[in-house]
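The values are calculated or read from the model by the stated rules, or taken from the named source; none is laboratory data. Just so we're clear, the structure is a prediction, and the values are computed from it rather than from any experiment. Cβ atoms come from the backbone with ideal geometry, glycine included; neighbour counts cover every protein chain shown. Surface areas here come from the heavy atoms of the whole protein model, side chains and all, with no ligands, DNA or RNA. Shrake-Rupley method; radii C 1.70, N 1.55, O 1.52, S 1.80 Å.
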Amino acid sequence: MTDGGKITFEVATSLALICFALGYWLRKRESAPQNWPQSKGTIVTSEIKSQYVGKGTNELLPVIWYKFTHEGKEYVTDHWRIGNFSIGSREDSEALTKKFHLGRNVTVFVNPTNPEKSVLEHSVTMMSWIPIGFGVLFSLFASLPLILER
């Protein structure tokens, strides 16, 4: 392998490993709430907020606040999912505010180390697949010097 090919292989392999590690960490973080203690809560705010994102465009975001009691203390928070990631489309926002409508009784997955960061959902999102996808691309790129030498 040439020096340039070796450097390409090492850099691409390192980037692939970093991406895979990040994807694994995100997936682990997003699925962690399924093992947290649960509490009953109530939705106290469920609305759609318009947020300016630049170049004359707005993004519609769901705003979900809920209250719950954990170990004798009442909490009010808006963390409906790890990261509160939302696409910003009207359809997604409306679906979420309909699902978590005002007054609805919900199950809260209580973060044992920080109850204010508790969540209502614990599913793994596409966000964790993005770095994994980049990891695959970097892995393919890393293999190019090996393929081209043959």
Of the residues that sit in the stretch 109-127 and are within 23 Å of A21 (Cα to Cα) and part of a helix (DSSP H, G or I), which one is least open to solvent (accessible area, probe 1.4 Å)? M127
Do we find a residue being within 18 Å of the chain's Cα centre (by Cα) and open to solvent by 90 Å² or more (accessible area, probe 1.4 Å) anywhere in the stretch 38-60? no
I need the full set of residues from the stretch 103-131 which are modelled with pLDDT of 90 or more and farther than 24 Å from S46 by Cβ, in order please. P112, T113
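Of all residues in the stretch 135-145, how many are within 9 Å of C19 (Cα to Cα) and either crowded, with 18+ Cβ neighbours inside 10 Å or not hydrophobic (A, V, I, L, M, F, W, C) (or both)?
2
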Tally time: how many residues in the stretch 1-47 are modelled with pLDDT under 85 and β-branched (V, I, T)? 3
Checking L26 against (1) in contact with a Pro (Cβ under 8 Å, 6 or more places away or on another chain); (2) farther than 30 Å from L137 by Cβ, which single condition isn't satisfied? (2)
Within the stretch 61-80, is even one residue part of a loop (DSSP other than H, G, I, E, B) and either modelled with pLDDT of 95 or more or over 23 Å from M127 (Cα atoms) (or both)? yes
I'd like the full set of residues that are assigned to a helix (DSSP H, G or I), open to solvent by less than 60 Å² (accessible area, probe 1.4 Å) and either among the basic types (K, R) or touching a residue at least 40 places away in the same chain (Cβ under 8 Å) (or both), limited to the stretch 91-108. S93, T97
